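What follows is a single structure, written as C-alpha cells, with notes after it.
What follows draws every value from the coordinates through simple rules; no lab data is involved. This structure is a prediction, so every number in the text was calculated from the model and none was measured. Please note: Cβ atoms are built from the backbone with ideal geometry, for glycine as well, and neighbour counts cover all protein chains shown.
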Amino acid sequence: MKSEETKEAKGIDKLKQKLKDMKKDSEEKGEQLKECKSEIKSETKKEDEKEKKIEELTDTLQRLQAEFENYKKYVDKSKSEFQKYARADMIMKLLPTLDSFEMALKNTENKEKFIKGIDLIFSQLFQLLENEGLRPIECIGKTTDPYKHEVLLMQESDKEEGLILEELQKGYMLGDKVLRHSKVKAAKKRKTDADNKADKAK
C-alpha cells in the first residue's frame, strides 16, 4: 500500500515538475515573442524614418533643380544683355571713325586732303582697337614661329634660315590669343654648287 502511494506521489511530483518546466518554457517563449515584436516595431520605425528622409531629400533635390534652372535662365538673359550692350558700346566707339570716312569722301577732289583723311581714319581705328587689347604680331627680323606666323613663301638667302624677310599680311593678337597669323616670306638656305650638282644627279 505504501509502495503504491509512493509511486503515486512520485508521479504527481513529475507532473508538477513538467508543468513547472512547461510554464517556464512558455514564459521564455513569451519573452522571445515580446523581443520579436519590439524588433519588428523598431525596424518599422526605421523604415518610416527612411521613407521620410527620402521624401525630404527628393523635395530638396527638386527645389535645387528648379533654383538652378532659374539661375541658368538669369545667366543666359544677363549674357544676352551684356553682348547687346557690348556691341552698342563698340559701335559708339566706331562712330567717330565713320564720321571721318564721311569727311574724307567729301574731299575726294583734293587728293592731299583725301590722303590725310584716310590716314586719320586708319589712326583712329587702330587706336580704338589697340585700346581694346589688339596688338600687331612682330615679324620683320624675327624667326618664324608656327604659333604666330604662316609661311607662304620661301626665298633663298644668305640670312639665317627661317628668318622673316617680308610681311605679306599683318597678323594680330588680342591679349595672349592669336586672332590672325601673320602671313610671311621667310629665308631658306641658299644652295651651293655641290647642292645643285647633287640635285641634278637625282
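Miscellaneous remarks
- Set 84/177; 148/185; 84/183; 142/177 screened for pairs whose C-alpha atoms are more than 25 Å apart: 84/183
- With a cut-off of 15 Å between beta carbons, the residues surrounding residue 93 carry a summed charge of -3, where Lys and Arg count +1 and Asp and Glu -1.
- Taking N as the residue count of the range 42-114, its C-alpha radius of gyration divided by 2.2 N^0.38 Å amounts to 2.76.
- Pairwise centroid distance, computed over Cα atoms, of the range 89-142 with the range 71-86, Å: 31
- When you filter the GluC sites (Glu not before Pro) in the range 106-139 for DSSP loop state and at most 13 other Cβ atoms inside 10 Å of their Cβ, you are left with 109, 132.
- If you take all other residues with their beta carbon under 12 Å from the beta carbon of residue 103, and give Lys and Arg +1 and Asp and Glu -1, the sum is +1.
- Relative contact order for the range 47-132, counting Cα pairs under 8 Å that sit 6 or more residues apart, in percent: 21
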